[in-house]
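Here's the structure we're looking at; comments come further down.
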């Protein structure tokens, strides 16, 4: 694995505020950035805005703002505030109206022009204003954009061109010789098939525009928005080439063909991997402002927490494929899987140790066959997880973690330390020692996906978010831990409000608070089945009504929660301790929008106390 990891999202248009689709790509990038930082790599995560678009001018006019620059600044503030509220850990936020970007575009253009790859010509064809792209007529037999479904305009104009066709064979050869250059594999096949049909030169200027970067060879032209926008990826000095560039499938050709040809012409190295993901629908319908179903990710995060949203998107929407967003499905994942399979497990173990061992990890004694089997499962799970994370198979990596968490639940259920502690304290100590170490393992695996609450969990365990000896039981006896309830159920009463159609921005945008931050083998083909399969933790005995009143007493205060053992509650009610404990009557969690980023280096692993989180 390289010591450096540079990941990019596409830069987003500012004709409206962020929606769940733009948040999805940025969440993927953030997960990758966090995991590679855990590996102590030199990480750079870049996102930002594409402001030199005709869409910007049109949106400003619609909002009644004559000064397009003023509109761009106000929208940029809104996007930055939204990403801050989502807790993204991006290292830079690029805007294409910035002077540093303009200089990079001019410098890049000079390198391409010196190669003799720029010429002036006349083009006539079908143009999509929404895509800001000339379309091939063979792909639009009905005269409509295949993506937006809108009528295309037939335009004839003099433009400056980039000799993209000159690099067609080199681009094709590189893709064929580097299987990991475009992922998933079927997206790679689509690009190869497109290239084999031939490649045309591409226009890189538009005449008579008043917004955008002036074209050096002709002041009556402005750079075509895509030639301008793609160069943003070169902004971080010393980090190119990128290890991962993320994009939705509608802009794959711009990145996997046009951008690659531009880099070849300007004699830059090529990125390591282009990852292409699918589209999101909402409850089976295309997202549309006219349908009123454009989902606001910030509103969802405030209601369910950013962690629950991140978990749901990676769990239910298989990365690389199209997926359907459902708020009901999000609620189900939080209430029936995150709660039962992880949050309750974490509290169940830590609170029992708090009550019976003074919050100190008990002695492990001699691990027996059951403990050895669990350590083997953890080791295999960590290996599978690492492979999936390196291959940007995030859905599969999360599935491996969920399955290991279910195994830990089953181990605790089988060992029943709440029963045997009165007759065999050494046996109870051994199972709780291993359980604590396995909590460290699964929490580190969950951390990139749920960094806020898992950051709290790691603090409670007194360890740092470092990818080091993850599968080994290194938390020693006598180590201080603290019980914490990580999640609470959220009832689906009123759906999260959809994003409103763009209105005139306010001069001073509202600032958002920063959130807290900072086994079975799961193969690719198994992901959908695993995601749909309920875990053992979700199958609860039907005794919640009988025990509801007792559990609610436990939830009245944080101090009461820390000082009580869940096993006693069930015993006092005259019931068997259930396999998994699902809390009932929990109040809505309101912390997510005001959480802090995680401390870097405040906690220590037991054998690496001086290391700092990267």
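If packing is taken as the average count of other Cβ atoms within 10 Å, what order do 252-262, 441-451, 191-201, 270-280 fall into, highest mean first? Kindly include the intermediate steps, with their values, before the conclusion.
Numbers: 252-262: 22.0, 441-451: 25.9, 191-201: 14.4, 270-280: 20.3.
Highest to lowest by the protection proxy: 441-451, 252-262, 270-280, 191-201.
May I ask you to sort 3, 250 by Cβ crowding, counting other Cβ atoms within 10 Å and putting the fewest first?
So the ranking, lowest neighbour count to highest, is 3, 250.
Tell me the volume per residue, in Å³, of the convex hull enclosing the alpha carbons of segment 1-66.
Each residue corresponds to 91 Å³ of Cα convex hull volume.
Rounded to a whole number of µm²/s, how large is the Stokes-Einstein D of segment 275-368 at 37 °C and 0.692 mPa s, given Rh as the Kirkwood radius over C-alpha pairs? Spell out each step's value before the answer.
On the way: Rh = 16.1 Å.
The estimated diffusion coefficient comes to 204 µm²/s.
Rank these for me by crowding, 178, 388, going from fewest to most other beta carbons within 10 Å.
So the ranking, lowest neighbour count to highest, is 178, 388.
May I ask you to derive the FRET efficiency for residue 196 and residue 106 from their Cβ-Cβ distance with R0 = 30 Å, giving the value to the nearest 0.05?
That pair, residue 196 with residue 106, gives E of 0.30.
If I model a spin label as a point 7 Å beyond the Cα along the Cα-Cβ vector, how far apart are those points for residue 92 and residue 3 in nm?
About 2.1 nm, to one decimal.
Using all Cα-Cα distances in segment 4-277, what percent lands in each 5 angstrom bin from 0 up to the longest?
1, 5, 12, 16, 20, 19, 15, 8, 3, 1, 0
Rank the residues 202, 350, 306 as a footprinting-exposure proxy: fewest other Cβ atoms within 10 Å of their Cβ go first.
By the 10 Å Cβ count, ascending, the order reads 202, 350, 306.
Coordinate-derived values only; no laboratory data. Quantities reported herein were computed from a predicted structural model and do not represent experimental measurements. When we count neighbours, we look across all protein chains shown, and the Cβ atoms used for this are built from the backbone with ideal geometry, even at glycine.
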